[in-house]
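Undergrad: Okay, here's the structure, questions in a sec.
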Amino acid sequence: MPGGDVVFAYDIVNARGTALTVITLGATITSLRVAGRDGVRDDVVLGLADVEGYLERSPYLGCVVGRYANRIARGQFIVEGATGTLAVNDPPNHLHGGVRGFDKRVYDARAVTTGEGRGVRLSRTSPDGEEGYPGDVHFAVRYLLDDDDRVVIDYYATSSGATPFNPTQHSYFNLAGARHSDVLGHELLVVADRYTPVDATLIPTGELAPVAGTPFDFRSPTPVGARIADAHPQLAIARGYDHNYVLDRPARPGVLAHAARLHDPLTGRTLDVHTTEPGLQLYTGNFLDGSLVGRDGRRFGRHAGLCLETQHFPDSPNHPEFPETILRPGRSFHSRTIWQFGLARAP
Ligand code: GLA
């Protein structure tokens, strides 16, 4: 790193040969190699060749995003009567934790083995005032890979002061590896009857709108590209899907629930996402423009990968009607997301 920090990589390989690579910059997943129906292992996430790429050019490829994933309107929020002011790094709003959010920080890390798998635990302290956020936050994220091709992601945090807190994992998936230049042929299921429409700056209006009868209805498996070019105002604003879904889930918070399923018909690979979180941001790589070159020399064009960011709703600190995202002293934050990879039977 420019300041002299050394970035370490951890390779986790399970009994099937599925391989996950994590680096200590941004707790970033740089590679996740999973076998297809033909037994060939492909990298199912978009990754870069070096630290410099992640520092200088990455649109959050594979990193952990925080303190607050997604947007906070105008970088302003009020917590316990005090107004918080954050960097407006995605004008006119704050995005993904600011100019040097969690994705740009180097973590301490150690290998871990539990009954649920083998992996790595990465941790750091986000000091009071970092990127304008109040309170010292002690944060850890743990990745575990088991022998059934499950990636278990746990986030833990405590804070010395009330602060917005909403981490997520920002991997861009392409289950066909380099064999497909985009994900428009992937079939997607999202377990949600409603989503949060946005204004022209991608801030939720506050409405929880039904997906029924709209291009946002993924309640049954549908090709990502089937309606992405439809003349719908929300698709026009975001140049594709870049929206938070209100997941259908049990009322009790903290319970894991099925959120999404992605399937690539070409290779047969499937990904099922379960999470404890109330929301899932579907982002179809609308801003990728071919200028970014991946580790294998491949250029990432528009829709080269898609994100399934399990999280709370965008701008929740300014929407008291949304599930709360304020981490207060004395509370311990924990959320869990599980990626289950598998193979669909040949059609
Ligand atoms: C999130 C946002 C998108 C975009 C990507 C990163 O998915 O919702 O608007 O900023 O991050 O490029």
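The values are calculated or read from the model by the stated rules, or taken from the named source; none is laboratory data. Everything quoted here is computed from the prediction, not taken from an experiment. Virtual Cβ from ideal backbone geometry, glycine too; neighbours counted across all protein chains shown. The area values use the complete protein model at the heavy-atom level, side chains included, leaving out ligands, DNA and RNA. Shrake-Rupley method; radii C 1.70, N 1.55, O 1.52, S 1.80 Å.
Undergrad: Taking the condition of being open to solvent by 10 Å² or more (accessible area, probe 1.4 Å), in contact with a strand residue (DSSP E or B) (Cβ under 8 Å, 6 or more places away or on another chain) and either polar (S, T, N, Q) or over 22 Å from residue 5 (Cα atoms) (or both), how many residues in the range 15-40 meet it?
TA: Count: 9.
Undergrad: Here's a follow-up. Quick check on my filter: what residues within the range 294-316 are without any contact (Cβ under 8 Å) to a residue 40 or more places away in the chain and within 15 Å of residue 61 (Cβ to Cβ)?
TA: Across the range 294-316, the qualifying residue is only 299.
Undergrad: Is it the case, given these coordinates, that residue 225 is closer than 21 Å to residue 64 by Cα, open to solvent by 10 Å² or more (accessible area, probe 1.4 Å) and assigned to a loop (DSSP other than H, G, I, E, B)?
TA: No: the conditions fail for residue 225.
Undergrad: Name every residue in the range 72-105 that is crowded, with 20+ Cβ neighbours inside 10 Å and away from the ligand (no atom under 14 Å from the Cβ), in order of residue number.
TA: 75, 77, 86, 105, listed by residue number.
Undergrad: While we're here: So for the range 113-121 (the condition being out of contact with any strand residue (DSSP E or B) (no Cβ under 6 Å at 6 or more places or on another chain), part of a loop (DSSP other than H, G, I, E, B) and in contact (Cβ under 8 Å) with a residue 12 or more places away in the chain), does at least one residue qualify?
TA: no
Undergrad: Of the residues that sit in the range 62-71 and are part of a strand (DSSP E or B), under 22 Å from residue 305 (Cβ atoms) and open to solvent by less than 10 Å² (accessible area, probe 1.4 Å), which one is farthest from the ligand (Cβ to nearest atom)?
TA: The selected residue is 64.
Undergrad: While we're looking at this one, here's another question. Filter the strands (runs of 3 or more DSSP E) completely within the range 276-347 down to those with at least 1 residues that are modelled with pLDDT of 95 or more, within 22 Å of residue 265 (Cβ to Cβ) and within 11 Å of the ligand (Cβ to nearest atom).
TA: The strands (runs of 3 or more DSSP E) meeting that bar are 279-283, 306-311.
Undergrad: Give the number of residues within the range 243-257 that are within 30 Å of residue 199 (Cβ to Cβ), at pLDDT 95 or above and touching a Ser or Thr at 6+ places or on another chain (Cβ under 9 Å).
TA: Within the range 243-257, residues that are within 30 Å of residue 199 (Cβ to Cβ), at pLDDT 95 or above and touching a Ser or Thr at 6+ places or on another chain (Cβ under 9 Å) number 6.
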